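The structure under discussion appears below in the form of structure tokens.
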Amino acid sequence: MTTPPMPEQSDPSEFGLLEAEVIDHIFHLSPGYAVFLGLHRYDGRVPDLSTAATESWVSVSHRLLERLRAFPNPELSESRRLDRMLLELLLESSLFDLTESFDLDRNPMSFVGAVSLTPYIVREYAPLADRTEAMTRTLESVPRLMSQGRARLRPELPRPFVQLAISIGSGLASHFAEAEEVARRGSSDLGGRVAAARAPAEQAVTEFLDRLRDDWLPRATDDFALGAERYQRLLWVREGIRTPTAEVLASGRADLKRNQARLEELSRQQSPAVSTDELLERMYLKHTTAENLVPQAQHFVDETRRFVESERLVSIPTPSSCRVEETPSYGRALSTASMNPPGPFDVGGDEGIYFVTPVDPTWTPERQEQWLRSMNDPMLRNITVHEVYPGHYLQFLHFRQGASSLARKVYLSSSFTEGWAHYCEQLAVEAGLGRGTPDAEVAQIHDALLRNCRLIASIGLHTQGMSLAEATELFRREAHFEALPAEREAIRGTFNPEYFCYTLGKLAILEARRKFLAGSFGGSLRSFHDRLLSFGCPPVGLLDTLLSGG
């Protein structure tokens, strides 16, 4: 499968051609990832996830790995040798999913989750007719995709995987309806094309979900764990980390204890002193109204941008603009807030879209109040730091401008991405955000405790025989979560062991700051952060090498 270099990052050298070939091969398996990055020549493509197709993909991957590893070192600069490592990890990561964790054989979310029209709905990067064509092609591929899922899923599947696939799949009909609505804004003809493709797509999803409920759910098991060996392998293929899992766990537990001790100290500093639960309760009460939730989020976007600029924490590339919108209806079940950033190849502008999930007017008054409590002002500002400034949105602006090679524009480490955003929460408090009250730090610690428990639960569930009940109790006891959200967090760890990424990445960045800030950057946080973000989103296991000049 030989293709010319991608026009967005052309390198006609022998290694550059191999680089482009590897990345195009990756995108044949994950075209949605290419679209997310802004490579719209992959618009409307849905991967062939049949057993025969993925077996062929695996064979080609092994040949590409051999060619990468055989490429003569003298012909590569130090920078390009690092790029070669990124390409190897990209291949190894997908091979792990297919041949070691067997995602397509044991996780039905792999099929319902492969269908997304969001990139064509939320960004006007091309004429509506072109985006409608992409939506139509995607919808037309859904029956084939659902058929492939029914054909290759094992008879017995992990129960949480089946339950979450049903939940995600149940939201696809409203997603498809929104796509038709967007198309009809252009013309009735465009809307009709989506409608024609939508009907068989919805029917195929319904049949797939019925099979999950009727056949797979009654036979579902609790066998979801990766096991110690595969978990250690996961750390390598995703983040280039050889550190033993036991050491990763110890660092997470130590950070948990530090955060808990600081929260207790803040509680004692109140006049009069209060318990940590009382301190958190005070924070929950400081919330806005349902009608003002999105405007309040926009206020915090503006406030945090000014704060980053005034404190000179990190450069803000220009142009930059971020708007707040309500989370689309199909995404509200699984998202509190999220960032839809411009990809590194996107030509549709630099605007970020910050989605905030609103109060559902059909909820009971009690549930509406619970949601507003969870989105209280200190927490919403902390979320905005994470999602917008100086978190994900600012990071992606640097990603667009700074990544120096095709490999670095494509590689997207979860631990670097989420680790940076989580680190920014602590950075903002250190720099004085919300100075004068404990609210900002309480909110920051509240989220840090959650992320600490995610790392601990991930390792416990997948390597130590931790049960879902034990993981639920961990979130209740250590992170002050109530029963239902604690259970949801525990369940997430069964199918998303990589939710270790927040704490793992934050601790890696803090350690890099400790090592390099004074000696290499003269104590300038802004210089350190700008340099860090100039690398793109590399695996956190490479931070020392990159900051040392590799």
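Residues that are surrounded by 16 or more Cβ atoms within 10 Å (Cβ to Cβ) and within 23 Å of the chain's Cα centre (by Cα): find the helices (runs of 4 or more DSSP H) completely inside the stretch 168-273 holding 1 or more of those.
On the way: elements: 172-184, 188-211, 228-239, 245-268.
The helices (runs of 4 or more DSSP H) meeting that bar are 172-184, 228-239, 245-268.
Could you list, in sequence order, the residues of the stretch 304-319 that are among the hydroxyl-bearing types (Ser, Thr, Tyr) and crowded, with 17+ Cβ neighbours inside 10 Å? Working first, answer last.
As a first pass, look at the stretch 304-319 and keep what is among the hydroxyl-bearing types (Ser, Thr, Tyr): 304, 310, 315, 318.
Passing the criteria: THR304, SER315.
Among TYR125, TYR42, TYR120, TYR33, which is the only one that is hydroxyl-bearing (Ser, Thr, Tyr) and in contact with a Gly (Cβ under 7 Å, 6 or more places away or on another chain)?
TYR125
The rows are residues; the columns are (1) among the acidic types (Asp, Glu); (2) in contact with a Phe, Trp or Tyr (Cβ under 8 Å, 6 or more places away or on another chain); (3) farther than 16 Å from ARG258 by Cα.
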site	(1), (2), (3)
SER405	no, no, yes
LYS409	no, yes, yes
HIS422	no, yes, no
ARG435	no, no, yes
LEU450	no, yes, no
GLU482	yes, no, yes
GLY493	no, yes, yes
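Given the criterion in contact (Cβ under 8 Å) with a residue 24 or more places away in the chain and part of a loop (DSSP other than H, G, I, E, B), identify the matching residue among SER61, SER101, SER93, SER79.
Sole residue among the options that is in contact (Cβ under 8 Å) with a residue 24 or more places away in the chain and part of a loop (DSSP other than H, G, I, E, B): SER101.
Taking the condition of being within 25 Å of ALA403 (Cβ to Cβ) and among the acidic types (Asp, Glu), how many residues in the stretch 25-77 meet it?
Within the stretch 25-77, residues that are within 25 Å of ALA403 (Cβ to Cβ) and among the acidic types (Asp, Glu) number 2.
Name the single residue that is modelled with the lowest pLDDT among those in the stretch 42-91 being closer than 30 Å to LEU546 by Cβ and of a type in the set (Ser, Thr, Tyr).
SER79
With the condition kept exactly as written, say whether any residue in the stretch 343-351 is within 15 Å of the chain's Cα centre (by Cα) and either among the hydrophobic types (A, V, I, L, M, F, W, C) or under 30 Å from GLU88 (Cα atoms) (or both).
yes
Give the residues of the stretch 171-199 that are touching a helix residue (DSSP H, G or I) at 6+ places or on another chain (Cβ under 8 Å) and more than 14 Å from MET135 (Cβ to Cβ), sorted by residue number.
Result: GLY171, ALA173, SER174.
What are the pairs, 6+ residues apart or on separate chains, where a residue within the stretch 366-392 that is among the charged types (D, E, K, R) has its Cβ under 6 Å from a residue that is at pLDDT below 95 and not in a helix (DSSP H, G or I)?
GLU387/ALA337
Restricting to the stretch 244-292, name every residue that is in contact (Cβ under 8 Å) with a residue 40 or more places away in the chain and under 30 Å from SER94 (Cβ atoms).
Within the stretch 244-292, THR245, VAL248, LEU249, SER251, GLY252 meet the criteria.
Please state which one of GLY227, GLY169 is touching a Pro at 6+ places or on another chain (Cβ under 9 Å) and either touching a residue at least 12 places away in the same chain (Cβ under 8 Å) or aromatic (Phe, Trp, Tyr) (or both).
The unique qualifying residue is GLY169.
Kindly indicate whether any position in the stretch 62-74 is under 26 Å from GLY348 (Cβ atoms), charged (D, E, K, R) and in the same structural domain as PRO119 (by TED's automatic domain parsing).
Checked against the condition, which is being under 26 Å from GLY348 (Cβ atoms), charged (D, E, K, R) and in the same structural domain as PRO119 (by TED's automatic domain parsing), the stretch 62-74 yields no hits at all.
Scan the stretch 480-495 and tell me whether some residue there is under 25 Å from SER110 (Cα atoms) and among the acidic types (Asp, Glu).
Yes, the stretch 480-495 contains a residue that is under 25 Å from SER110 (Cα atoms) and among the acidic types (Asp, Glu).
Is at least one residue of the stretch 321-335 among the basic types (Lys, Arg), under 19 Å from the mean Cα position of the chain (by Cα) and under 22 Å from ILE383 (Cβ atoms)?
Looking for residues that are among the basic types (Lys, Arg), under 19 Å from the mean Cα position of the chain (by Cα) and under 22 Å from ILE383 (Cβ atoms), one finds at least one in the stretch 321-335, hence yes.
Out of all the residues in the stretch 9-58, which are more than 22 Å from the chain's Cα centre (by Cα), more than 28 Å from LEU153 (Cβ to Cβ) and part of a helix (DSSP H, G or I)?
If the condition is that a residue be more than 22 Å from the chain's Cα centre (by Cα), more than 28 Å from LEU153 (Cβ to Cβ) and part of a helix (DSSP H, G or I), then GLU14, PHE15, GLY16, LEU17, LEU18, GLU19, ALA20, GLU21, VAL22, ARG41 are the ones that fit.
What tally of residues in the stretch 320-351 results from selecting those that are out of contact with any helix residue (DSSP H, G or I) (no Cβ under 7 Å at 6 or more places or on another chain), of a type in the set (D, E, K, R) and surrounded by fewer than 19 Cβ atoms within 10 Å (Cβ to Cβ)?
Selection size over the stretch 320-351: 4.
Can you tell me which residues in the stretch 100-145 are over 24 Å from the mean Cα position of the chain (by Cα) and farther than 16 Å from ALA179 by Cα?
PRO143, ARG144
Across the stretch 490-522, what is the number of residues that are touching a helix residue (DSSP H, G or I) at 6+ places or on another chain (Cβ under 6 Å) and closer than 30 Å to ALA431 by Cα?
16
Restricted to the stretch 464-503, and to residues that are over 22 Å from the mean Cα position of the chain (by Cα) and within 16 Å of LEU226 (Cβ to Cβ), which residue is surrounded by the most Cβ atoms within 10 Å (Cβ to Cβ)?
Per the criteria, the residue is MET466.
Just the residues that are over 17 Å from SER116 (Cβ atoms) and buried (at least 19 other Cβ atoms within 10 Å of the Cβ), please, taken from the stretch 29-63.
Across the stretch 29-63, the qualifying residues are THR54, TRP57, SER61.
The values are calculated or read from the model by the stated rules, or taken from the named source; none is laboratory data. Everything numeric in this text was worked out from a predicted model, so none of it was measured. Please note: Cβ atoms are built from the backbone with ideal geometry, for glycine as well, and neighbour counts cover all protein chains shown.
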